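This report concerns only the one structure given below.
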Amino acid sequence: QVQLVESGGGVVQPGGSLTLSCTASGSIDNMVAMGWFRQAPGEQRELVAQITRGHSTNYADSVKGRFTISRDNAGNTVYLQMNGLKPADTAVYYCHAYIALQLGGAMDSWGKGTLVTVSS
């Protein structure tokens, strides 16, 4: 019912930059927060950055000072500006949305993922 589509992944050298984008569509009236997770092969999926409807943000310690999350006010689009990329940032990056339900519960929606490779 909520669809998320990511773009912007690619290959970059260490120290380089990339910007990811994610656009949400569907039943998004109660979308409370959007964010980015990442997962390397054989590793746990981890939260990278999140932004709420009120524009508060939080980041993983490993990306603080290097990554910036932002949100398009009207277009239901979230961005992740990634600077100073390291090989350890190599992963599939997934867009995520948190939706509050009418009955008081909540649900999650996930994008298909976009690959970021940081290679010397």
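The values are calculated or read from the model by the stated rules, or taken from the named source; none is laboratory data. All values derive from a computational prediction rather than experimental measurement. All Cβ positions, glycine included, derive from the backbone under ideal geometry; neighbour counts span all protein chains shown. The area values use the complete protein model at the heavy-atom level, side chains included, leaving out ligands, DNA and RNA. Shrake-Rupley method; radii C 1.70, N 1.55, O 1.52, S 1.80 Å.
Does residue 25 fit the bill of being surrounded by fewer than 20 Cβ atoms within 10 Å (Cβ to Cβ), touching a Gly at 6+ places or on another chain (Cβ under 9 Å) and assigned to a strand (DSSP E or B)? The answer is no for residue 25.
The number of residues in the range 84-120 being farther than 27 Å from residue 53 by Cα and out of contact with any Gly (no Cβ under 9 Å at 6 or more places or on another chain) comes to 5. The set of residues from the range 80-102 being assigned to a helix (DSSP H, G or I) and either of a type in the set (Gly, Ala, Ser) or in contact (Cβ under 8 Å) with a residue 60 or more places away in the chain (or both) comprises 87, 88. Do the conditions hold for residue 1, that is, is it exposed (fewer than 12 other Cβ atoms within 10 Å of the Cβ), at pLDDT 95 or above and more than 12 Å from the chain's Cα centre (by Cα)? Judged against the criteria, residue 1 is not a match.
For the range 58-79: of the residues being outside any strand (DSSP E or B) and at pLDDT below 95, which is nearest to residue 112 (Cα to Cα)?
Filtering the range 58-79 for residues outside any strand (DSSP E or B) gives 60-66, 72-76.
Next, from what is left, pick out any that are at pLDDT below 95: 72-76.
Details: 72: 20, 73: 23, 74: 23, 75: 19, 76: 17 Å.
Result: 76.
Mind checking which residues of the range 85-120 are among the small types (Gly, Ala, Ser) and either under 17 Å from the mean Cα position of the chain (by Cα) or closer than 20 Å to residue 23 by Cα (or both)? 88, 91, 97, 100, 106, 109, 111, 113, listed by residue number. When each of 87, 14 is tested for being out of contact with any helix residue (DSSP H, G or I) (no Cβ under 9 Å at 6 or more places or on another chain) and open to solvent by 40 Å² or more (accessible area, probe 1.4 Å), the lone residue that passes is 87. Against the conditions (1) open to solvent by 40 Å² or more (accessible area, probe 1.4 Å); (2) over 20 Å from residue 3 (Cβ atoms), residue 60 satisfies every one except (1).
Looking at the range 41-57 only, could you name the residues that are farther than 15 Å from residue 116 by Cα, open to solvent by less than 90 Å² (accessible area, probe 1.4 Å) and among the basic types (Lys, Arg)? Scanning the range 41-57 gives no hits. Here residue 34 fulfils each of the conditions (1) part of a strand (DSSP E or B); (2) surrounded by fewer than 16 Cβ atoms within 10 Å (Cβ to Cβ) apart from (2).
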